[in-house]
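See below for the structure under consideration.
The values are calculated or read from the model by the stated rules, or taken from the named source; none is laboratory data. On a predicted model such as this, the values are computed, not experimentally measured, just so you know. When we count neighbours, we look across all protein chains shown, and the Cβ atoms used for this are built from the backbone with ideal geometry, even at glycine. These accessible areas exclude ligands, DNA and RNA; they are computed on the full protein's heavy atoms, side chains included. Shrake-Rupley method; radii C 1.70, N 1.55, O 1.52, S 1.80 Å.
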Amino acid sequence: MRQILAGTTAAKGMALGRARLVQPSRYLVDTRPLNEDEVDVELERLHHALDTARQELRELRGKLHGALAREVNEFIDAHSLLLDDPELLRGLDDLVRIGHYRPGAALKKQRDRLAAVFEAMDDPYLRSRKEDVDQVISRVISALQRQTSREERKLAARVGEILIADTIAPADMAHLAGAGLLGVVASSGSPYSHSAILARSLDLPMLVGARDALSTIHDDDLILLDAERGEAVVHPTAQDLARYRAWQREAAAEGRRLATLANAPTRTRDGVDVRLYANAEMPPDIAMARARGADGVGLYRTEFLFLRQKGLPTEDEQFIAYRDLVLGMGGLPVTIRTLDLGADKADAAGLVIRGEDNPALGVRGVRLSLRYPAVFSTQIRAILRAACYGPVRVLVPMVTQPDELIAVRTLFKLARQELKRENIDLPEKLQLGAMIEVPAAAINVRALLEHADFLAIGTNDLAQYVLAADRGNDALDNIYNPLQPALLRLLAYVITEGRRAKKPVSLCGEIGGDTNFTALLLALGLCEFSMHPSQLLHVRDRLTSLDHAILRAHAPRILRSRTHEEAEALLASITG
Ligand code: PEP
Ligand code: MG
C-alpha cells in the first residue's frame with residue numbers, strides 16, 4: 001500500500017528505485033559484562049576490528065579515482081584520523097579492561113559520549129560531525145560482528161537501488177554512487193553533514209531525518225524518492241510515476257539551460273550587475289567555483305585547517321593551503337577569513353578556552369586570535385606570503401568593536417616588518433574587512449567602517465545573536481527565521497551604511513545562496529552575494545528574473561513588516 005515518509009531534503013532531486021536497507025549495527029551490541037578471564041581475548045578482537053576498519057578505509061581510497069577521489073579523500077582521512085585518535089582508543093581499552101564492557105558495548109558507550117559532546121555544539125556544521133563518529137564506530141562494530149557471524153558487510157547497494165540507512169559515511173556514499181546507487185534516505189542526520197554536502201556535489205538526491213524509514217520500508221520495496229518535496233513514497237502509484245517522469249523531463253531541460261549560465265554575466269532583468277562569490281573550504285569547492293563562473297571567493301573558512309589535524313598547522317602548511325587557493329582562483333579575488341575558532345569549534349591543539357559557561361558568547365573568533373598573538377601572527381605571515389600569488393582580502397570574524405580591527409591591522413604591520421627583515425617577498429597592501437555577525441557590530445557599523453575596507457555579513461550568526469536563538473536548534477524554527485523584521489532592518493542598515501561609506505558589502509551566510517531570499521536581499525540593496533558554489537547558477541538564474549528597481553522601491557514596505565509571516569507574505573506578493 002502507498003505510504004509517504006517525510007524527511008528533510010539534504011540534496012534535491014528525485015529517484016525511482018528498489019530499497020536496500022542497512023540496519024544500524026550499533027543497536028545490536030551485547031551488553032552483558034565480561035568475565036576477568038575474557039578481557040585479553042576481547043581486547044584483541046576489538047583491536048582486530050579497528051584494524052579491519054582502517055584497512056577498509058584504505059581500500060575505499062584505492063577504489064576512488066579522479067575528481068571524486070579528491071573530493072572524498074578528505075572524508076576518508078577524517079575517519080582514519082578518528083580511528084587513530086589516542087583518546088578514543090584509550091577510552092575503549094579502559095572500558096573493556098576496567099569497566100568489563102564487551103568491545104561492541106564499549107564502542108557504543110564511546111560513541112554516545114562523543115555524540116553528547118558534538119550535540120552540545122553550537123554550530124550546525126560541527127554538530128553534524130557527530131555523524132562522522134557514528135559512521136566510524138558503526139564500521140568498527142560491523143567488523144566486530146563479522147568476526148563472529150562471518151556475514152559480509154551489507155553496505156553493498158546495487159545498480160538501481162536507493163539506500164535506506166540510519167546514516168551513511170561519505171566514503172561509502174561516493175563508492176556506492178560510483179556503483180550505481182540512485183539516492184539515499186537516512187533516518188537521522190542533518191543537511192549540514194559531510195554526507196549531505198557530498199550528496200549535493202554528486203547530484204544524488206538525499207533525505208535526512210526520515211525517522212520511520214528503517215521500520216516502514218522493506219528490502220526491495222519500490223521507492224520514489226522525492227527530495228524536491230522532502231518525502232519518500234513507498235509503493236508509488238501510476239500517478240506518482242507520471243510525476244516522476246515529468247520531473248525527469250523538466251530536470252534534463254533545466255540542467256541544459258543552467259549549464260549555459262556558467263559563462264553568462266550576473267545581471268538582473270533590468271540590467272543591474274551583481275557579484276557572486278563562492279564560500280570555499282576545500283579544493284573541490286574551488287574547482288566548482290571556477291567552473292560555475294564565480295567572481296572570486298567571498299569566504300574561505302581557515303579554521304577547517306585547524307580542525308582537521310591534531311596540532312596547530314605550521315606557517316608553511318597554512319601558506320601552502322592559502323597559496324593553492326589563490327592559484328586555484330586564477331587571479332580572481334580571494335577573501336581569507338582569519339581563524340574563527342572558539343565556542344563549538346574546538347581545536348585539538350587546545351587553543352580554545354574550555355569550560356566557558358556560555359561559549360557562544362565567549363572567547364571566539366577574533367577575540368580568541370587576539371589572545372594568542374603568536375599563533376595569530378603565524379597565520380598572518382602565511383596569508384601575507386600567499387597574497388604574493390594573487391589578489392587576497394582578509395576578513396576578520398566575530399568583530400564587536402573597532403579596537404579589534406585596529407589590533408589586527410597592527411599585527412599585519414608587524415608581520416610585514418618581520419617578513420621584510422627576513423627578505424621574504426611582500427604583497428601590496430591587503431584590504432581588511434569585518435564580518436558583521438554580532439549585533440553590536442551591525443548597530444555601530446559606522447565606527448567599524450572607519451577601520452574596515454569592506455564588510456561581509458554573516459547572517460548565520462547575526463540571526464542567532466539578534467534573535468537569541470541557537471542557529472542549530474530546530475525547536476526554535478519559528479524564531480530563527482531570516483525574515484524576522486529586526487534582522488531585516490539591521491541588514492538594510494548595514495548595507496546602506498556600507499554604500500554610504502563607498503565600501504563593498506557582501507553577505508556570506510546560508511541565505512546568500514538560497515534563491516528564496518535573493519529577491520529580498522536585492523530589495524535591501526545587496527549587490528554582492530557569497531554562497532556554496534553549487535548554488536551559483538541557481539542564484540544567477542534567479543537574478544535574471546528579478547527587477548532591481550521594482551524591488552528596491554518595495555524595500556520600505558518590507559522593512560515596515562511587524563512579523564516574519566507578514567514579511568514573507570509581502571515578499572510573495574511582490575515577486576509573484
Ligand atoms: C555566518 O555566521 O553567517 C558565517 C558565514 O560564518 P560561519 O557560518 O562560519 O559562522
Ligand atoms: Mg559566523
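Structure notes:
- Filter pass, residue 210 being within 23 Å of the chain's Cα centre (by Cα) and within 23 Å of residue 9 (Cβ to Cβ): yes
- Looking across segment 424-440, the residues that are within 12 Å of ligand 1 (Cβ to nearest atom) and either among the hydrophobic types (A, V, I, L, M, F, W, C) or at positive phi (or both) come down to 435, 436, 438.
Every residue, every condition in (1) modelled with pLDDT of 95 or more; (2) open to solvent by less than 10 Å² (accessible area, probe 1.4 Å); (3) in a helix (DSSP H, G or I); (4) not assigned by TED's automatic domain parsing to the domain that holds residue 202, yes or no:
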site: 518; (1), (2), (3), (4): yes, yes, yes, yes
site: 525; (1), (2), (3), (4): yes, yes, no, yes
site: 557; (1), (2), (3), (4): yes, no, yes, yes
site: 567; (1), (2), (3), (4): yes, yes, yes, yes
site: 570; (1), (2), (3), (4): yes, no, yes, yes
site: 574; (1), (2), (3), (4): no, no, yes, yes
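- Condition check for residue 493: open to solvent by 40 Å² or more (accessible area, probe 1.4 Å), in a helix (DSSP H, G or I) and within 16 Å of ligand 1 (Cβ to nearest atom): no
- Scanning segment 386-409 turns up at least one residue that is over 29 Å from residue 494 (Cβ atoms) and either open to solvent by 50 Å² or more (accessible area, probe 1.4 Å) or within 16 Å of ligand 2 (Cβ to nearest atom) (or both).
- Pairs where the first residue, in segment 176-197, is within 23 Å of residue 282 (Cα to Cα) and the second is modelled with pLDDT under 75 and among the β-branched types (Val, Ile, Thr), C-beta under 9 Å, 6+ apart: 191/197
- Scanning segment 441-479 for residues that are closer than 30 Å to residue 334 by Cα and within 15 Å of ligand 1 (Cβ to nearest atom) yields a count of 18.
- Verdict on residue 537 being more than 16 Å from ligand 1 (Cβ to nearest atom), crowded, with 20+ Cβ neighbours inside 10 Å and either under 28 Å from residue 124 (Cα atoms) or polar (S, T, N, Q) (or both): yes
- Matching residues, segment 431-479, being of a type outside the set (Gly, Ala, Ser), surrounded by 21 or more Cβ atoms within 10 Å (Cβ to Cβ), more than 13 Å from ligand 2 (Cβ to nearest atom) and assigned to a loop (DSSP other than H, G, I, E, B): none
- Residue match in segment 365-385 (condition: surrounded by fewer than 23 Cβ atoms within 10 Å (Cβ to Cβ) and within 16 Å of ligand 1 (Cβ to nearest atom)): yes
- The residue pairs whose first member lies in segment 406-435 and is under 25 Å from residue 506 (Cβ atoms), whose second member is outside any loop (DSSP other than H, G, I, E, B) and open to solvent by 70 Å² or more (accessible area, probe 1.4 Å), and whose beta carbons are closer than 8 Å, counting only pairs six or more residues apart or on different chains, are 432/409.
Condition check ((1) open to solvent by less than 50 Å² (accessible area, probe 1.4 Å); (2) touching a Phe, Trp or Tyr at 6+ places or on another chain (Cβ under 7 Å); (3) at pLDDT 90 or above; (4) closer than 20 Å to residue 431 by Cα) across all residues:
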site	(1), (2), (3), (4)
285	yes, no, no, no
292	no, no, yes, no
330	no, no, yes, yes
336	yes, yes, yes, yes
341	yes, yes, no, no
347	yes, yes, no, no
362	yes, no, yes, no
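- Residue-level analysis places residue 300 among those that are touching a helix residue (DSSP H, G or I) at 6+ places or on another chain (Cβ under 7 Å), aromatic (Phe, Trp, Tyr) and not in a helix (DSSP H, G or I).
- Residue among 204, 225 that is open to solvent by less than 40 Å² (accessible area, probe 1.4 Å) and touching a helix residue (DSSP H, G or I) at 6+ places or on another chain (Cβ under 7 Å): 204
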